Amino acid sequence: MDDRDQTSNSDPAPAPASIVDGQEHRVDPRSVKVARIIGVSVTLPLALIPLIFVTIGWALGGIPSPVYFALFAGLLLLLALLVLFAYRWPAVRHERLRYLVDEGGLRIRRGVFWRKVVWIPISRVQHTDFSQGPVQRSFGLATLTVHTAGTAGASISLGGLEHGIATRLCDHLRPDRATDAD
Amino acid sequence: MFIAAGTVRALVLPAVGAIVASRGVLLARLDLLLLFVIVPALVYAFVRQKVYTYRFTESELVVRDGLLTRNVRHISYARIHNVALVRNPIHRLLGVATARIETAAGGKPEALLRVLSLEAADELRRTALGEEQTPSATGSAEMRPTDAPLLQVPDRELVRLGLISNRGFIVIAAVVGVVSQLNWWDQDWSRVYESLRARAPDWAGWLFESGSLTGRVLLGIVLILLAIALLRLFSITWYLVRYRNFTLRQKDEDLRAEYGLLTQVSSVIPVHRIQLVTVSVSFLHRCFGRASIDVETAGASDLSGQFAASGVLNTRQWLAPIVDSGRAAALVRKVLPEIDIEAVEWKPIEARAVRRIVNRVVIAVTPVTIGLAAVLTFSPIPLSGWHGLWLPSVVLPMTWLATRRWVRRAGYALTDRAIYFRSGWPGRQISAVRFVNMQTVAMHQSPFDHRRRMASVAVDTAGAGSVGHRILIPFLDVDVAESILHRLYVETRSTEFRW
């Protein structure tokens, strides 16, 4: 298993405290690539389906040729737009996603049109999830999900973190640390 | 193995049911069923079991899950507040148990440890729950109302409450339901009218003078007034039956509310689980000088479970269905000493909000006005399209006036223990949350907010239902919002959330 194992033994060089700097950070830029790969690989087949159907309809003689070419061009344009969106959007989103860690908690600032800033105090963390999808894993990235006892903010995810940072953040957000400090 | 067994059981029963129901039609295709449903399910169960592992460290439980998307969950022992052991006959036969690990985070259990030997389960309970097992002994102190009641609602107050609220519709709905079953509507209504007219006393006779438009209009008005009076009467009856002798007492640390004429309810409100308190004064409340107080509690799983079925999660319950508005603040203070809605210094929201709200109404009214003008122009009604302008010229000034009132009366307040938010016109609601009960704090900005440098601040609490007034302060200047947000974060950071 290459993912996170022990709370103490896995981290390489940088000191564990270094993520707790009270500065805003962006998540790993490779997360844009991950989101693009996932986005394009989902939208492309989905957008191809109507194209294939139309082509079958035309081949079987159900759709007259001029209509078919018009439809085909329209759908192709739509497909191009969708794929372009799936390609562009992750970068835009990444640009607006910032996180900040300080002694007491984690702040996430995100959103392109609808913006949101949320503070998660460690004293309110119930538990954390550390997860990696197959694509993320191949890039060495991870998603951290923080669960609180709240309702609207019951679980808040921060995706695209570099593996080591995610591990340290996970450690930092362990609630019993905050309790000990009091 | 237990996942597999569970899957087999979960699948066999419906399968058998389906076979029985289809009277053997499906039986011929049992091989297909086996191939496409049961085998993949078993494979899934075995794979899942291989993948789902857990480990105890000195301070936390680590659960791994997932084949493609791998997930590692860290649950601190300090956060586990229940370890429920479930044993079905097969478990008992093998001397094992399934442990359900629950934390304060709502919804599903946070971890499900399928096959745990009994010793391991006991050990887990000891480690996870530690010394915290003792408070469960408080259940013995039952039915010992110690102090004088905090609140008693006499019958005449319930009559007022019936007048204020619109619960009469509940009774009407029930009556309509019954009546529609009896086909009572299928009769000749003109004959009913005639017989009414024949029996009407002399003084009411003029109402029935046929052909007279005034008579008919008056009859209509009388009927409507009668209906309203009837509704209120039903409402009063409903409250008298449902909330007769509403009494709120302090019981040890908790509150106990007792009420009911036919069904007597005795519900415990654990004070330490109160997350949010709301004092509501509707327009009618104000006319009578009354208010109502409700609280939102979390972790009362029986309660939340009850309402979750209806789709609307309501974790609210009444602290006081009706109380003299002068006494409301004192009652809240008595229950939650940190919260005093009278002694706070209210700060306003941005006055610029008026324009934004009015703009929204303008956007909504414009198409309606155009539509109205078009209808007037092209319909046989002898009015020109310009008469459509009556709509905005009436609606917009009224909206503007009402919005100005609303914005002026909305506000928030911060003390060193709690945050308050008030809003509403012509009624008003005030909600308060203690800092210890805050979970995450967030600032939201819609594109419109962003353009006008505004933002709203929202406080999340445990067990928040989907209805009711809460701390969601709109139309703040973005810098003010940022500073409130930071202040709230600092307050939350330095306090510990307790159940």
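Karplus couplings for segment B:223-234 from phi (6.51 cos²θ - 1.76 cosθ + 1.60, θ = phi - 60°), rounded to Hz, Gly and Pro as x?
Listing the rounded values in order: 4, 5, 4, 4, 5, 4, 4, 5, 4, 5, 4, 4 Hz.
Across the residues of B:441-453, average count of Cβ atoms on other protein chains within 10 Å? If you can, show how the numbers build up before the last one.
On the way: counts 10, 10, 6, 6, 6, 4, 5, 0, 2, 4, 0, 0, 0.
Per residue, the average neighbour count from other chains is 4.
Under 5 Å between amide hydrogens, which residues at least 5 positions from B:Leu255 or on another chain qualify, with H placed 1.01 Å from N in the peptide plane?
Counting only residues 5 or more places away or on other chains, the set is B:Ile269, B:Val271.
So what is the calculated 222 nm ellipticity per residue for chain A, using -39500 (n - 2.57) for each DSSP H run with n of 4 or more, over all residues, to the nearest 500 deg cm²/dmol? Kindly include the intermediate steps, with their values, before the conclusion.
Working: 5 runs with 85 residues, N = 182.
Result for chain A, helices only: -15500 deg cm²/dmol.
Can you tell me which lysines have their Cα less than 27 Å from the Cα of B:Lys251? Leave out same-chain residues fewer than eight positions away.
Partners within reach: B:Lys334.
From the backbone phi of segment B:474-482, what are the Karplus-calculated ³J(HN,Hα) couplings (6.51 cos²θ - 1.76 cosθ + 1.60, θ = phi - 60°) in whole Hz, Gly and Pro given as x?
Taking θ as phi minus 60°, the curve returns x, 6, 9, 5, 4, 5, 4, 4, 4 Hz for segment B:474-482.
Within segment A:68-83, whose backbone N sits under 19 Å from a point 7 Å along Cα→Cβ of A:Ala59?
A:68-73, A:75-76
How about segment B:338-433: which trypsin sites (Lys or Arg not before Pro) there are in a DSSP loop, with at most 16 other Cβ atoms within 10 Å of their Cβ?
Qualifying residues, ordered by number: B:Arg352, B:Arg417.
Mean separation of Cα pairs under 8 Å and 6+ residues apart, divided by the residue count of segment B:53-132: what relative contact order is that in percent?
Working: 124 pairs, mean separation 18.5, N = 80.
This gives 23 percent for segment B:53-132.
Can you return the lysines within cross-link range of A:Lys33? Criterion is Cα-Cα under 27 Å, with same-chain partners fewer than 8 residues away left out.
Answer for A:Lys33, where 27 Å is the Cα cut-off: A:Lys116, listed by chain and number.
Measure off 7 Å from each Cα along the Cα-to-Cβ vector at B:Glu345 and B:Arg453, then give the distance between these two points in nanometres to one decimal.
Computed distance between label sites B:Glu345 and B:Arg453 equals 2.4 nm.
Please list, ordered by chain and number, the residues whose modelled amide H lies under 5 Å from the amide H of B:Ala298; skip anything fewer than 5 residues away on the same chain.
Answer set, sorted by chain and number: B:Gln275.
Shape verdict for chain A, please, from the Cα gyration tensor: rounded (a/c under 1.5), prolate (a/b greater than b/c) or oblate.
Details: a/c = 3.14, a/b = 2.62, b/c = 1.20.
It is prolate, given that a/c is not under 1.5 and a/b is the larger ratio.
So what J values fall out for segment B:355-365 if you push phi through Karplus, 6.51 cos²θ - 1.76 cosθ + 1.60 with θ = phi - 60°, rounded to Hz, Gly and Pro as x?
4, 5, 5, 5, 4, 4, 5, 4, 4, 6, 7
Relative contact order (percent) for chain A, with alpha-carbon contacts under 8 angstrom and 6 or more residues of separation?
In percent, rounded to a whole number, it is 24.
Could you work out the mean count of beta carbons from other protein chains within 10 Å of each residue's beta carbon in A:151-158? Don't skip to the end; give the middle numbers.
Values: counts 16, 10, 9, 9, 3, 3, 0, 0.
Other-chain Cβ atoms within 10 Å of each residue's Cβ, averaged: 6.
How far is the Cα center of segment B:67-88 from the Cα center of segment B:233-254, in Å?
Measuring centre to centre over Cα atoms gives 41 Å.
Taking H as built 1.01 Å from N, whose amide H comes closer than 5 Å to the amide H of B:Ile471, not counting residues under 5 places away?
For B:Ile471, the qualifying residues are B:Val459.
Expected output is a single nm value to one decimal: the length gained when fully extending between B:Ser483 and B:Ser190, i.e. 0.36 nm times separation in residues minus the C-alpha distance. What is it?
Values: separation 293, 0.36 × 293 = 105.48 nm, distance 6.88 nm.
Going from the current span to full extension adds 98.6 nm.
If each of A:Val83 and A:Ile38 carries a label point 7 Å out from its Cα toward its Cβ, how far apart are those two points in nm?
Between A:Val83 and A:Ile38, the label points sit 2.1 nm apart.
With labels modelled as points extended 7 Å from the Cα through the Cβ direction, what inter-label distance (nm, one decimal) is found for B:Ala41 paired with B:Lys334?
It works out to 5.7 nm between the two label points.
Between segment B:454-499 and segment B:410-431, what's the alpha-carbon centroid distance in Å?
For segment B:454-499 versus segment B:410-431, the Cα centre distance is 12 Å.
Kirkwood hydrodynamic radius for segment B:332-435: how many Å is it when counted over pairs of different Cα atoms?
Working: mean 1/r = 0.0601 Å⁻¹.
Computed over segment B:332-435, the radius equals 16.6 Å.
I need the calculated FRET efficiency for the pair B:Ala174 and B:Leu391, taking r as the beta carbon distance and R₀ as 30 Å, to the nearest 0.05. Before the final figure, lay out the partial values.
On the way: r = 38 Å, r/R0 = 1.27.
So, using R0 = 30 Å, E works out to roughly 0.20.
From the square roots a ≥ b ≥ c of the eigenvalues of the alpha-carbon gyration tensor of segment B:53-132, which class results: rounded (a/c under 1.5), prolate (a/b over b/c), or oblate?
Details: a/c = 1.64, a/b = 1.17, b/c = 1.40.
Oblate, because a/c is 1.5 or more while a/b does not exceed b/c.
Taken together, the values in this text are just the output of simple stated rules run on the coordinates, not laboratory data. As the structure is a prediction and not an experimental result, all values here were calculated from the model. Neighbour counts are summed over all protein chains in view; Cβ atoms, including those assigned to glycine, are modelled from backbone coordinates with ideal geometry.
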